[in-house]
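Please find one structure pasted underneath; my questions will follow.
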Amino acid sequence: MLTLRTIFVAKLFFLFCAVLQAADGDVVLTPWFPRNLPDGMQFSGAVGSRFRITALVKDAVIDPGSAFDFEVDIQALGKVVSPPHDLDFESMFAGNASFKVEVLPGLTQSEARRWRYFCRLWPLKEGRLVIPEIPFPYINPDIPWSKKQLMLEFSDSIEVGVLQRKIFAVSLRGPDVVFDVDELRKSPWLGSVKGVGFTEFIWLFFTPPFVGIAIWSIAKYRASLALLNGRGRALWVLENLAGLKNETYSVQAEGVFELMQEYFHQSFRLSGVVTSTEIVNGLFAKFLNQEETERFSEYIGEVETAKFNPGLPKKQSDIIGQAIAWIGVLEVRR
C-alpha cells in the first residue's frame, strides 16, 4: 500500500511540472545546447523559431593567383531568443584542399534580425572549384524542452572558376659578352686577358713561364665563370629592369615576370614557374614576414594578371620600381 502511494505521489509531481512548463510557454534553458550535435560540428549559439543561411561570392571567375571575398548571410524568419556567434571560417575549411582561408577581422555586420560574416578565400588549384555547403545548427525553443533537438540549415554550394596560367618557356638574353666555357677548357690561355688582376701580373714576373701561364689561365677561367654565372643574379636582373623603364606597360609586365622568374631560379635555386599562390603559401617565409609575404604575393599577382590577361584594364602602377625594391629586400635577407 505504501509503495502504491509513493508511485502515485511521484506521478502527481511530474504532472505538476509538465503543467507549469506548458503554462509558462517559453522556458529558457541556460545554457542552450542541442542534445544531438554531430561530432566535429560547432553549435552556432543561435536560438530561434527559424533561420535561413545564404552563401555569396561577388565573382564566379577568378584570376590566377588571386583571392576573392566570401560572404555568409544569416537571417531570422521568426522570433530570436539568442543570436548566433561569430562563424569560425578556419574550422569550416580545415582540411579543404581547394581553398585557404584568410580571416578578415572587423568585417562582421549585425542587424536586428540579420547577421553577415566575411572572409577571403585563396584558391589552391586551377579550374572549376566547389565551395561546399555551410551548415548552420540552431535550436528551436518552440519544441518542448524534453525533446530539444538540433535544427540544421545549409547554404547552397557555389562553383567558381579559377583561370589557368599559360605555359611558356622562359627565354632571356644574357649579357653582351658571354665566354664559351668549353672553349676555355681547351685553350684557356688564348683570348682576352680580362679578369686577370694585379696579383697575377706580379706572379708572371717572378715565376717560371709555365707557372705564370697556369696562374693566368686559372684567373681567366674564374673570371669567365663569374661572368657566365651572373645571369639571373640581382645585379644582372636590375640592369635589365632598368632597360624596361621606357617600354609600354604590357612590355614591362612581360619583362618583369620573366626577369623575376630568372632571379628566383638562379638566386634561390627554385625550379618551375614561381606563382603568387606559392608565395602567399610561404615559399619565401624564411626571408619575409607575414605582412611582407602578402604584399609580395599581391605584387606578383598583379604582374601575372597583366601578363596572362592582356585584355583586362591595366592599373598602370610602377611595377619596375616595385621589382627593384623587392629584389633589394630579398638580397638583404637571404
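Out of region 65-148, which GluC sites (Glu not before Pro) are coil in DSSP terms and have no more than 12 other C-beta atoms within 10 Å?
E111
Provide the net charge surrounding K58, with neighbours chosen by a C-beta distance below 14 Å and charges set as Lys +1, Arg +1, Asp -1, Glu -1.
Residues near K58 contribute -3 overall.
Among E159, E153, E294, rank each residue by its count of other Cβ atoms within 10 Å, from fewest to most, as a rough exposure measure.
With the fewest neighbours first, E159, E153, E294 line up as E159, E294, E153.
What pairs in K100/K307; K58/K100; K100/K125 have C-alpha atoms more than 20 Å from each other?
Correct reply: K100/K307.
No lab work stands behind these numbers, since they all come straight from the coordinates. Please read all numbers here as calculations on a predicted model, not as lab measurements. As a convention, Cβ positions derive from the backbone with ideal geometry for all residues, glycine included, and neighbour counts pool all protein chains shown.
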